[in-house]
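The values are calculated or read from the model by the stated rules, or taken from the named source; none is laboratory data. Not measured: the values here are computed from a predicted model. All Cβ positions, even for glycine, are placed from backbone atoms using ideal geometry, and neighbour counts span all protein chains on display.
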Amino acid sequence: MTSTYVYDKAKYHDASIQKFGLPDEHACNHTIYFLRWLIEHDLMSDMFNRDGQDTLARFRSGECSIHELYEWWDRCLLSDMLSDEGNAFASHYFDFNRGVYLKDYCAALQGDLPTELHVPYGDESYRKLATVIDSRFREWKRGKPWWKF
C-alpha cells in the first residue's frame, strides 16, 4: 500500500493569512484553482468521487462553492484524492518544490498584489488560470519539459 502524499493543506498558510489580515479563505485560494481544474478534467480518484458524491453534485449544480467543497476535504489536497493521471501531473506541475504551478499562478493572477496569498478567488480569474493549466497539461502529455523554458 502506498502512503498518502500531501500536496497542500490550507492550515500551512493560516498564520500568513492572519499576519496579512486576509479572510480565512485566502489560505485555500491558490490550491482551489487547481482543485477545480482537476475536478473539471476528471482527474479525481474513485474514492474522491464516491466519498464526495453529494458534495460534488452540489458543487457541479452551483449549490456549493469550491471553498465549501475544499472544506469538506478538511482544506487539504492529497494524493488519495487524485487519479493516477492526476497524481502524475500534479507531482510534476503542482509540487511546490519542483513544479511551476505557483509561478504560473502568480504570473496570471497576482498582478500588483503583495503576495500570492492576496489573490482573491473568482470565476474570471479561474478561467484565466485554467487556460494556463490546460497548456501545461498538454505540454506534460507531450513530454515537453516546461522547466527548461
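In the condition set (1) farther than 20 Å from residue 125 by Cα; (2) free of Cβ contacts under 8 Å to residues at least 40 places away in the same chain, residue 43 is compliant with all but (2). Could you figure out which of (1) closer than 25 Å to residue 135 by Cα; (2) modelled with pLDDT of 95 or more; (3) among the small types (Gly, Ala, Ser) isn't true of residue 91? (2) is the only condition that residue 91 fails.
Among the residues of the range 6-40, the one identified as closer than 18 Å to residue 102 by Cα and assigned to a loop (DSSP other than H, G, I, E, B) is 25. Checking each residue in the range 93-125 for being closer than 21 Å to residue 22 by Cβ and touching a Lys or Arg at 6+ places or on another chain (Cβ under 6 Å) picks out only 108.
State whether one or more residues within the range 95-107 are on the phi > 0 side of the Ramachandran plot and at pLDDT 95 or above. No.
When the range 29-69 is limited to residues that are among the basic types (Lys, Arg) and more than 15 Å from the chain's Cα centre (by Cα), the one that is surrounded by the most Cβ atoms within 10 Å (Cβ to Cβ) turns out to be 58. Among the residues of the range 41-60, how many are part of a helix (DSSP H, G or I) and aliphatic (A, V, I, L, M)? So the count comes out to 3. Residue check: is residue 127 more than 22 Å from residue 9 (Cβ to Cβ) and touching a helix residue (DSSP H, G or I) at 6+ places or on another chain (Cβ under 9 Å)? Against the criterion (more than 22 Å from residue 9 (Cβ to Cβ) and touching a helix residue (DSSP H, G or I) at 6+ places or on another chain (Cβ under 9 Å)), residue 127 does not qualify.
The number of residues in the range 71-130 being assigned to a loop (DSSP other than H, G, I, E, B), within 13 Å of the chain's Cα centre (by Cα) and acidic (Asp, Glu) comes to 1.
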